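Q: Please find one structure pasted underneath; my questions will follow.
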Amino acid sequence: MTDDSQTTDRTKSKGTELLRLHQDTTLLTVVNVWDVISAKVVADTPGTTALATASHSIAASRGYEDGENIPVDEMIAEVARIAAAVDLPVSADLEGGYGDPAGTIRKAIDVGIVGANIEDQMRPLAEAAGNVEAMMKVASDAGIDFVLNARTDAFVKAGAALKSGERQRADVLAEAKERGLAYLDAGAPVVFVPGVLEDAEVAELAEAFGPQRLTLIGLPGVPPLARLQELGVGRVSYGPMSQRVALTALQELVEAVHGGGGVPSTMRALN
């Protein structure tokens, strides 16, 4: 067997495993990573079964603002390094697809990525669903069980309007439901609805999409993990929160040093 065929077989195997993890009734949690060392630390922590990258964190570590400011090839190169550094399946946050969602998914699969978050950015629904269909066709053509975590920005984009009362939560929830169902119909295995959602909203989305089809982000204020599993959520990821936690620890070390202290005794030898 050639090296290329072995690599392809490994990618297919990881894709199948990632899909299985999403379909399992046990809630899948993925703490997002942004480079090789963060990937290794998370992968080596007992209980970790899969990894996901955070586009915001990768962009920040390379000096770019979030929002597709990092060149697509630079993003693909970083997620390739992460996928090559660990034995677990890796899903990549690829923002809105950098102007070519299907082409970006093709590039990601070529470097060993077996899942992705792609934002709809509230494009017209027909266009967004068409993008989902095109991305899943790329994965099908590659023979990969690819876990497209089709993201709707219904709550993210409505944030200011919700706070001002210009829009009602029920209307935003209905829009998120409509978009999610369209993405499932277009072939996406799961739908990502980021935002701080209440129990009843989570339950309504989970019931509409089906068991293990809804994925959420772990933010302050969301229901506890055990409750999310009861409500039928399939996956919780943490986006840039993991990098913020790490940078908070770094800032606290700096503050301790400036205050005459030093390295905390709780530090672990992780590498």
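Q: Helix-only mean residue ellipticity at 222 nm, the chain, DSSP H runs n ≥ 4 weighted -39,500 (n - 2.57), per residue, nearest 500. What is it?
A: After summing the helix terms and dividing by residue count, I get -16000 deg cm²/dmol.
Q: Next question, about the same structure. Express in whole angstrom the spacing between the alpha-carbon centres of region 1-79 and region 221-271.
A: After rounding, the separation between the Cα centres reads 19 Å.
Q: Is the shape of region 99-212 rounded, prolate or oblate, going by the alpha carbon gyration tensor and its root eigenvalues a ≥ b ≥ c, with a/c under 1.5 for rounded and a/b larger than b/c for prolate?
A: prolate
Q: If you work out Rg/Rh (Cα atoms, Kirkwood Rh) from the coordinates, which of [x] 0.95; [y] 0.98; [z] 1.09 do you get?
A: Among [x] 0.95; [y] 0.98; [z] 1.09, the one derived from this structure is [y].
Q: Can you give me the orientation-averaged projected area of the convex hull built on the Cα atoms of region 1-148, in nm²?
A: Seen from a random direction, the Cα hull of region 1-148 projects 9.1 nm² on average.
Q: Please order Thr248, Thr29 by the number of other Cβ within 10 Å, starting at the fewest.
A: Going from least to most buried by this count: Thr248, Thr29.
Q: Once you charge only the Cβ atoms, +1 for Lys and Arg and -1 for Asp and Glu, what is the size of the charge dipole of region 25-162 about its Cα centre, to the nearest 20 debye?
A: Dipole about the Cα centre, nearest 20: 200 debye.
Just so you know, all these numbers are worked out from the coordinates, no wet-lab data involved. Because the structure is a prediction, the values reported are computed rather than measured. Neighbour counts are summed over all protein chains in view; Cβ atoms, including those assigned to glycine, are modelled from backbone coordinates with ideal geometry.
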